[in-house]
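These notes are about the structure you will find just below.
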Number of protein chains: 2
Amino acid sequence: MSDLTSPLQRIPKYMPIRDALAHQIESGQRQSNEKLPSERVLSETLATTRVAVREALLMLEMEGLIYRLDRRGWFVRSPRIIYSPQSTKSFNQYVTEQGALPSTEVLSMQRLPATEWDAQHLDVDLGQDIYSIWRKRCINGRPVVVEHLRIKTQIFPDLFTHDLSQSMTELMAKNYQRYLTRAHIHLYPAALAEQQARALHVNVGSMGLYISRTNRDQFGVITDVNQEYWLHDILDLHFEAQ
Amino acid sequence: MSDLTSPLQRIPKYMPIRDALAHQIESGQRQSNEKLPSERVLSETLATTRVAVREALLMLEMEGLIYRLDRRGWFVRSPRIIYSPQSTKSFNQYVTEQGALPSTEVLSMQRLPATEWDAQHLDVDLGQDIYSIWRKRCINGRPVVVEHLRIKTQIFPDLFTHDLSQSMTELMAKNYQRYLTRAHIHLYPAALAEQQARALHVNVGSMGLYISRTNRDQFGVITDVNQEYWLHDILDLHFEAQ
């Protein structure tokens, strides 16, 4: 408890500065790609030291709210794409609604015998055929996620005759009357392995965000399991807990 | 669509190997900190090439399932702590239930005038006092998260007379009859700034996981806003979508 006798020691002096700038950005007073005032001007406006301003700017950079251009100063970052995994909106829907342009490229599609991992996660027999599809998705032309879909064959006959670059949820609903009703999702930050990193044009080992979804239809049957490998700075995940 | 004419080109040969090993680890056939067989033995057992085994091991390392010790080989990682943000379990509860030892250290506690950011997020008037508390939480003695709690003063008088290292949710329920009923959560991977990195004993700029929670009580009133800065490899977040 020795910390508590001199609490000021540990309270970062830059927090009010960080808060002031974060508020200006979040409330829309400062626009995406707008240049911030110089550190000197900020320290005068906010009545604080250059050191505190600098620390606040570094904090905001790390939180992903601003970025720096050499010799040109600090700028407001475009906001992340808000993704609510609880909603049933497709990638195309939520990206479009936020004013950006989604696109999808199918990298490969195959029928493969289920591995033990597939059997366990998809609830199929070992060795039974499954669909294995790799896709790459872009926002405004920039690749942001590589995904691996493993889909049951028996309830989706002739899947490969359809356009696989569309929303898979919509395809399953429209053509097979299987409606996504429930999903189990888990996620954590993870470094990108070679294949994913190459497709996303970043270095192997760059930090990414791993999201895995097990989807069930209106009968409670598992339809597919998706593993998504995102760049780390694209999404802001939102959800509500009751 | 040229990819689809030669799909094998893009299907990583190591995926079945990755799946086989991932299944052995997830199903408990291989224990935490167990050494994996050598790459030579694995390639014989799994009837594949040394190159495919090596690529599968690198993939599993990046997914956080295994780790490498120089000249000693590959080992199974201890599983991440499963955290379900939708549940109302406290840190102490879910860590204990998973067989690990939680602890909490209060770094600082202060009453501070609300910044614009506070006013916006906590729904208080600008300049009105709020509690500002920094804590560090450990699992098995290792610091894993630094958190900044901003709490309303008016509904929690004399908060600092209580033990602030306990679960804040429990403290609010037991002593103030304010029950956590609803939370808005958002999260994304973010680099750790200096203060957080130092408290967690990692380099500044190391990747972390940022989780922010706005908590409401049974009246729908915002009680507190928490910002948590986690090491990136501690949590596995699980949730259900309907």
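Since every read-out is calculated from the coordinates, none of them should be taken as a lab result. Bear in mind that the values here come from a model prediction, so they are computed numbers and not experimental data. Note that each Cβ is placed from the backbone with ideal geometry, even for glycine, and that neighbours are counted across all protein chains shown.
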Review point. Peptide B:178-186: average number of partner chain Cβ atoms within 10 Å per residue?
Key: 3
**Study point:** region A:128-217: chymotrypsin sites (Phe, Trp or Tyr not before Pro) falling in loop per DSSP and having at most 15 other Cβ within 10 Å
**Key:** A:Y179
Point to revise | Kirkwood Rh (inverse of mean 1/r, distinct Cα pairs), the protein assembly as shown, angstrom | key: 24.5
**Study point:** FRET efficiency for A:R54 and B:R111, using Cβ-Cβ distance with R0 set to 41 Å, rounded to 0.05
**Key:** 0.95
**Study point:** Among A:N140, A:N33, A:N226, residue whose mean-square fluctuation peaks in a GNM of chain A (springs only between Cα atoms under 10 Å)
**Key:** A:N33
Review point. Working out 0.36 nm times the residue gap between B:T96 and B:K35, then minus their Cα-Cα distance, what length gain in nm do you get to one decimal?
Key: 19.3 nm
Study note, to complete from the structure: Hydrodynamic calc, chain B: Kirkwood Rh from Cα pairs, then Stokes-Einstein at 20 °C with viscosity 1.002 mPa s, so D in µm² s⁻¹ is 103
Practice item. Taking a label point 7 Å out from Cα toward Cβ, give me the nm distances from B:S90 to the same spot in the other copies, shortest first, one decimal. Key: 4.6
Practice item. Take B:V106, B:V146 and order them by how many other Cβ atoms sit within 10 Å, fewest up front. Key: B:V106, B:V146
Exercise for review: Treating only the Cβ atoms of Lys and Arg (+1) and Asp and Glu (-1) as charged, compute the dipole magnitude of the protein assembly as shown about its Cα centre; round to the nearest 20 debye.
Suggested key: 800
Study note, to complete from the structure: Asserting the computed 222 nm helical MRE of chain A (DSSP H runs at least 4 long, -39500 (n - 2.57) per run, divided by residue count, to nearest 500) equals -7000 deg cm²/dmol
Exercise for review: Would you mind listing the distances between the B:R111 label point and the same position in each other copy? Use 7 Å along Cα-to-C-beta, nm, one decimal, shortest first.
Suggested key: 7.3
Exercise for review: For A:N203 and A:A47, compute 0.36 nm times the residue count separating them, minus their Cα-Cα distance, and round to one decimal in nm.
Suggested key: 52.0 nm
Review point. What are the ³J(HN,Hα) values, in whole Hz, obtained from phi via the Karplus relation 6.51 cos²θ - 1.76 cosθ + 1.60 with θ = phi - 60°, for each residue of region A:211-220 in sequence order, with x given for Gly and Pro?
Key: 10, 10, 10, 10, 9, 10, 8, 5, 9, x
**Study point:** Most mobile listed residue (B:Q29, B:Q86, B:Q195) in chain B, GNM with C-alpha springs under 10 Å
**Key:** B:Q29
Exercise for review: Please find, in a Gaussian network model of chain B (springs between Cα atoms separated by less than 10 Å), the residue of B:E97, B:E44, B:E105 whose mean-square fluctuation is greatest.
Suggested key: B:E44
Review point. Shortest first and in nm to one decimal, what separations exist between B:Q227 and its copies in the other chains, measuring from label points 7 Å along the Cα-to-beta-carbon line?
Key: 3.4
Exercise for review: Using θ = phi - 60° and the Karplus relation 6.51 cos²θ - 1.76 cosθ + 1.60, list the HN-Hα couplings for region A:100-106 in order, rounded to whole Hz, with x at every Gly or Pro.
Suggested key: 10, 10, x, 8, 9, 10, 7
Check your understanding: Quick one: Karplus J couplings for region B:194-203, per residue in order, coefficients 6.51, -1.76, 1.60, θ = phi - 60°, nearest Hz, x for Gly and Pro?
Key -> 4, 4, 5, 4, 5, 5, 9, 6, 10, 6
Practice item. Would you list the membrane-span-like helices of chain B, meaning whole DSSP H runs whose alpha-carbon atoms span at least 15 Å along their axis and whose mean Kyte-Doolittle value is at least -1.0? Key: B:15-26, B:50-62
Check your understanding: If the limit is 24 Å between Cα atoms, which of A:K152/B:K89; A:K152/B:K13; A:K89/B:K89; A:K35/B:K152; A:K89/A:K174; B:K89/B:K152 go over it?
Key -> A:K152/B:K89; A:K89/B:K89; A:K35/B:K152
